[in-house]
Amino acid sequence: MGGRGEAGQVDRGPGALEAQLTFFEYMVLSVLSEQPARTMQMSALAARTAASLSRLSHVVGRLEKRELLARNRIPGSGRRTTATLTEAGYEVVVAAAPGHVAAVREYLIDDLEPQELVALRRIGAAVDAAIKREQPDASSAASPPPEAPTINSGPRRTAD
């Protein structure tokens, strides 16, 4: 397994390793894959991925060089920018998703007792609520947590 990232998180999971993505890069691409038009304002993306704008901008720059996403300035005053997942980026995140889900199950879910899963769901709901309070655009917030602990099966497929 790969190295450790911030807060002790595993940098590379099985699917991310084959796709040459860090865990954080996978999360950025995955969040974008779930958005309408696969686009999100950078400040909202930073909130959804629990990253500073500086860290996100650095990672987005690397992903942009690999043509996995594109940045676009929003017209008007201010320094607002969106990130849009490219078709190549979508293909990479779809390919990495099964390995990511398997790693999450292996390292987080499989060894937990039912009462621990209930506690994890409550913790997730509290984190989700905190993120939504900080998001500048509530329409780009994560959907509410499910009734029972589940693992997302990966990026949402959209009709092209």
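Figures for the structure shown
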| quantity | calculated |
| --- | --- |
| In the range 26-44, the residues that are surrounded by 16 or more Cβ atoms within 10 Å (Cβ to Cβ), touching a residue at least 40 places away in the same chain (Cβ under 8 Å) and hydrophobic (A, V, I, L, M, F, W, C) | 28, 29, 32, 40, 42, 44 |
| Residue in the range 93-111 that is closer than 14 Å to residue 25 by Cα and part of a loop (DSSP other than H, G, I, E, B) present | no |
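Per-residue answers, yes or no, for (1) among the acidic types (Asp, Glu); (2) modelled with pLDDT under 95:
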{"position": "43", "(1), (2)": "no, yes"}
{"position": "49", "(1), (2)": "no, yes"}
{"position": "56", "(1), (2)": "no, no"}
{"position": "73", "(1), (2)": "no, yes"}
{"position": "83", "(1), (2)": "no, no"}
{"position": "110", "(1), (2)": "yes, yes"}
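The values are calculated or read from the model by the stated rules, or taken from the named source; none is laboratory data. Just so it is clear, the structure is predicted and the values come from calculations on it, not from any experiment. Cβ sites come from the backbone with ideal geometry, for glycine too, and all protein chains shown count toward neighbours.
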